[in-house]
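All of the numbers you see were taken from the coordinates with simple rules; none came from a lab. Remember, it's a predicted structure, so these values are computed and weren't measured experimentally. Cβ: placed from backbone, ideal geometry, glycine included. Neighbour counts: every protein chain shown.
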Amino acid sequence: MKVLLVLLAAAGMVAIEWRSLMERKLKRELWTFFLLCLVGTSLGIAEVLRLNIPNPLDWISALYKPLSNLIYGSSA
């Protein structure tokens, strides 16, 4: 039921924005909107289904950990 609500919300946003972007002939913005809407809807459905979604801050931390170790001299 919650997945349906996420899909309906996404469909509502697309319905509202589609006409505006098409009238102004903003093709790149339309593709960008659809891509971001697809990513957001996918993450929303994954959250509703309680799937394990990786945290981007964990990736950033892992990326900068060697630099932090070099600066502060710790090996932990």
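Quick notes
- Debye, to nearest 20: dipole size of the chain, +1 on Lys, Arg Cβ, -1 on Asp, Glu Cβ: 200
- Packing-based order for 34-40, 67-73, using average beta carbon neighbours within 10 Å, highest first: 34-40, 67-73
- Overall form of region 1-64 per C-alpha gyration tensor (a/c, 1.5; a/b vs b/c): oblate
- Largest mean-square fluctuation among Ile16, Ile60, Ile45, in a Gaussian network model of the chain whose springs join Cα atoms under 10 Å apart, belongs to Ile60.
- Considering only Thr41, Ser20, Leu4, and ranking their Cα positions along the charge dipole of the chain that arises from unit charges at the beta-carbon of Lys, Arg, Asp and Glu, the one farthest toward the positive end is Ser20.
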